[in-house]
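Before any comments, here is the structure.
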Amino acid sequence: MGLPAHWDDGHAQAIVEKLKHLDGATLPILHALQDAFGYVDAAAVPMIAQTLNLSRAEVQGTLSFYHDFKAKPAMDRVIRLCRAEACQAQGCESLVEHARRHGIAVDDHAAAAGASLETVYCLGNCALGPAAMVEGELVGRLDAVRLSALIEGASVEDVIAMAQEPVGEPA
Amino acid sequence: MSVVRIFVPGDAAALSVGANGVAAAIAREAAARGIAVEIVRNGSRGMLWLEPLVEVETAAGRIGYGPVAVRDVAGLFEAGFVNGGAHRLALGRIDDLDWMKRQQRLTFARVGVTDPLSLEDYKAHGGLKGLEAALRLSGAAVVEAVRASGLRGRGGAGFPTGIKWKTVLDAEAEQKYIVCNADEGDSGTFADRMLMEGDPFLLIEGMAIAGLAVGATKGFIYIRSEYPHAFKAMERAIAVAEKAEVLGASVLGSGKAFTLEARLGAGAYICGEETSLLESLEGKRGVVRAKPPLPALKGLFGKPTIVNNVLSLAAVPFILAEGAEVYAACGIGRSRGTLPVQLGGNIKRGGLIELAFGVSLRTLIEDFGGGTRSGRPIRAVQVGGPLGAYLPAPQLDIPLDYEALAGIKAMLGHGGIVVFDDTVDMAKQAKFAFEFCAKESCGKCTPCRIGAVRGAETVQRIIDGTEREKNLGVLDDLNQLMTDASLCAMGGLTPMPVMSALRHFPEDFQRPAMSVAAE
Ligand SMILES: Cc1cc2nc3c(=O)[nH]c(=O)nc-3n(C[C@H](O)[C@H](O)[C@H](O)COP(=O)(O)O)c2cc1C
Ligand code: SF4
Ligand code: FES
Ligand code: FES
């Protein structure tokens, strides 16, 4: 995945124009902006409101409702760890504990530890948990060693390949 | 030498344990050995513990190997796996495996078998027969077939699909819509994802049939953003279907129009609730609408709308192609047809099992699943997602049936089964149910918005040993209030996992208070 560009009003407006014909265009536009810039700048609100003929309050309301849209670009790699029931049954909470040893508190993006850990609820990989999503790739059977590798910046591909190393019987 | 077809799943779960690396290694090794191979990225067969599960097409059928790691690939070639040769990882013919043979795959018949994006493959395996049959019938006759099949909504509520369709059919409007609910937010569920990645044309076919039946020319598939692979698969499949005129201004040359768009959700569990989903599709906050009016009458942009789960819509082509009575012949009581069950959590052999209703949870968990992965005893099983009940091990003889589960204050939901071993702390699970509700509530009504926060605090006090009896009383009242007064099932059903934990595992709420756990 390429690095997101810096916010640029012209580029943003072009994205809005390209998608404005869709029925209920707000979410597709917000997704496209989030993809392009890694966040949705406050400047997007009047832009979308004007183009789609909506009130600013309505656009702001939509923007703030959804977990996916971020107000600031992420500083570090974001590791989205599933903490829903099926992954709980497979020990995801011990990974939350493990991340603390790297100085990372879950859902706290403030610390500059090289990566941040974000809670998600279910990634549809409930039989191969604990599951995580990093840079759009799904990681299965996550364990402490591989979480450390993710935090330390190993490529997602390599971390997935590490799952294939022989391991002992699960504890 | 002819080209050997090798199947390496492109399903997200298979990718999560290394299928891409294996596919690349096979391509490399084949090239180095001068063996001509065609690598097909199929869906997953649903035997997730065997992923990456590689299959080779041989004269004797499709022979499986799994779980394959990159380091196994050279050895597989040495063993002549391209001809089905013997190897430590060899599983034999996949169709002969007990796990597969015992299933009744009506909806998942092609998943893992075909190339998901090949319309030719789809047709060669019986695809489009349902749509062709529907085009020979009147809309009313299609709706009647769906009603007669006994199909009930697979998204959770179990509402009869044919009745919903009839309401939309009878509504007069310039524009009607078909909306597919692919938000699949329940923990422990992944059937919608597997179907969209493994056989996307089936969903397209089901939606086209729905559109033709009720006179809707436009459909949307609302896919949660946690499923980027499924979204990509659907977008690609829609483009292929448009090109082949399965979708478009004249569906299969019938002169009748139906077009489809895939849309992404944005990380909100409540957007799986149908009215919240419609708000979201309209570009608004995912706040639940009061019902009535029903979405069938005033749905997307105020127009009559069918909202159905992926699996409900994907069951329809079979019903049209093979006959409603064939579908209805499977199942028990008022639960007709098959249910794709998803087995997850602490389970040795997790995955997707499609079977007629009536099979017991124990058969699924013990025979298919092989018990816990940890090897410890099963203590609790949550059925039907985060709003579903926790059942204790002795209750697992209950058959898979909407009414039977309701009879023990549980629900089937979307068919997710999550297994926990004896290390689970059920008071913590009860607290989590409230926390989840507090986090994911749309905020429209007080019982849910405030009740969930109070609930989590109250369970924490019980765990801490603070005025236990009094707080257990508070919890009872709160559960009653949320059940009775919430606007939708988010607040209304959160008490289900909580009360089931209290009912079946009271000892977990009476443990000697420990030093407070970090939070
Ligand atoms: C909180 C909540 C979440 C829901 N999530 C989903 C979901 O992810 N997928 C789904 O199909 N139905 C979900 N539903 C059920 C839908 O509201 C609706 O009943 C369903 O989409 C209707 O389709 P069906 O009749 O085919 O099941 C949810 C309901 C509630 C209350
Ligand atoms: S019960 Fe919860 S999720 Fe449902 S409408 Fe009320 S606040 Fe929204
Ligand atoms: S519960 Fe974690 S992937 Fe489903
Ligand atoms: S406050 Fe929502 S129903 Fe009463």
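The values are calculated or read from the model by the stated rules, or taken from the named source; none is laboratory data. This one's a predicted model, so the numbers in the text were calculated from it and none came from an experiment. Virtual Cβ from ideal backbone geometry, glycine too; neighbours counted across all protein chains shown. Keep in mind that these areas ignore ligands, DNA and RNA; they rest on the heavy atoms of the full protein, side chains included. Shrake-Rupley method; radii C 1.70, N 1.55, O 1.52, S 1.80 Å.
Pull out a ≥ b ≥ c, the square roots of the eigenvalues of the alpha-carbon gyration tensor of segment B:249-341, then state rounded if a/c is under 1.5, prolate if not and a/b is larger than b/c, and oblate in the remaining case.
Note, shape of segment B:249-341 comes out oblate.
Do any residues of segment A:123-144 show a loss of at least 50 square angstrom of accessible area between the isolated chain and the full protein assembly, using a 1.4 Å probe, and if so which?
Buried-area filter returns A:GLY124, A:CYS126, A:ALA127, A:LEU128, A:LEU138, A:ARG141.
I'd like the projected area of chain B, averaged over all directions, using the convex hull of its alpha carbons. Report it in nm² with one decimal.
24.6 nm²
Once the dipole of segment B:253-395 is set up with Lys and Arg at +1 and Asp and Glu at -1 on Cβ about the Cα centre, which of B:GLY384, B:LEU300, B:LEU313 lies farthest towards its positive end?
Comparing the listed Cα positions along the dipole, B:GLY384 ranks first.
Based on Cα coordinates alone, diagonalise the gyration tensor for segment A:49-171, multiply each eigenvalue by 5, take square roots, and list the semi-axes in whole Å, largest first.
31, 16, 13
So, for segment A:43-162, what is the accessible surface per residue at a probe of 1.4 Å, expressed in square angstrom?
Computed with neighbouring chains in place, this is 40 Å² per residue.
Take every Cα pair under 8 Å in segment B:345-491 that's 6+ residues apart, average their separations, divide by the length, and report that relative contact order as a whole percent.
Computed value for segment B:345-491: 20 percent relative contact order.
Would you work out what percent of the accessible area of chain B, with all protein chains in place, is carbon or sulfur (probe 1.4 Å)? Before the final figure, lay out each step's value.
On the way: 9790 of 18160 Å².
Whole-percent figure for carbon plus sulfur exposure: 54.
Among the complete DSSP H segments of chain B, which ones combine at least 15 Å of alpha-carbon extent along their axis with a mean Kyte-Doolittle hydropathy of -1.0 or more?
B:19-33, B:139-149, B:200-214, B:228-243, B:310-322, B:426-440, B:446-464, B:468-485
Given all pairs of different Cα atoms, what value in angstroms does the Kirkwood hydrodynamic radius of segment B:118-163 take?
On the way: mean 1/r = 0.0826 Å⁻¹.
Kirkwood hydrodynamic radius for segment B:118-163: 12.1 Å.
Express the accessible area of segment B:211-276 per residue in Å², computed with a 1.4 Å probe while the remaining protein chains stay in the model.
Heavy-atom SASA per residue in segment B:211-276 reads 32 Å².
Looking only at other chains, what is the average number of their beta-carbon atoms within 10 angstrom of each beta-carbon in B:7-20?
Partner Cβ neighbours, averaged per residue: 5.
Assuming a strict under-29 Å limit between Cα atoms, what lysine pair count do you get for segment B:252-355 once near-sequence pairs (fewer than 8 apart, same chain) are dropped?
Numbers: B:LYS256/B:LYS298; B:LYS256/B:LYS303; B:LYS284/B:LYS298; B:LYS284/B:LYS303; B:LYS291/B:LYS303.
Eligible lysine pairs with Cα atoms under 29 Å apart amount to 5.
Have a look at B:LEU50, B:THR458, B:GLY84 and report the one farthest towards the positive end of the charge dipole of chain B, computed about the Cα centre with Cβ charges (Lys/Arg +1, Asp/Glu -1).
Selected residue: B:THR458.
If eta is 1.567 mPa s and T is 4 °C, what Stokes-Einstein diffusion coefficient results for segment B:405-473, Kirkwood Rh from Cα pairs, in µm²/s? Numbers along the way, then the final one.
Values: Rh = 13.8 Å.
The calculation lands on 94 µm²/s.
Any number yet on Rg/Rh for the protein assembly as shown, C-alpha, Kirkwood? Mind dumping the intermediate values first?
On the way: Rg = 24.5 Å, Rh = 25.8 Å.
My calculation of the ratio gives 0.95.
Using DSSP, restrict attention to beta bridges with both residues in segment B:1-87 and report what percent are antiparallel, rounded to the nearest 5.
65 percent
Check B:THR58: other-chain or 5+ apart residues with amide H under 5 Å from its amide H, H built from backbone geometry?
B:ILE63
Work out how far the C-alpha atoms of segment B:80-201 reach from end to end along every principal axis, then list the three figures in whole Å, largest first.
Cα extents, longest axis first: 63, 36, 24 Å.
Tell me, what is the percent relative contact order of segment B:1-45, built from C-alpha pairs under 8 Å that lie six or more residues apart?
61 percent
Using the alpha-carbon centroid of each, what span in Å lies between segment B:27-54 and segment B:451-500?
About 50 Å separates the Cα centre of segment B:27-54 from the one of segment B:451-500.
Just in segment B:3-36: which trypsin sites (Lys or Arg not before Pro) are loop by DSSP and have at most 12 other Cβ atoms within 10 Å?
Answer in residue order: no site qualifies.
What total accessible area, in Å², is buried where chains A and B meet, using a 1.4 Å probe and rounding to the nearest 100? Write out the running numbers ahead of the final one.
Details: alone 10040 and 20240 Å², together 25940 Å².
Buried: approximately 4300 Å² between B and A.
Per residue, how big is the convex hull around the C-alpha atoms of segment B:389-519? Give it to me in cubic angstrom, could you? Present the calculation step by step, with values, prior to reporting the outcome.
Details: hull volume 15.2 nm³, N = 131.
Residue-normalised Cα hull volume stands at 116 Å³.
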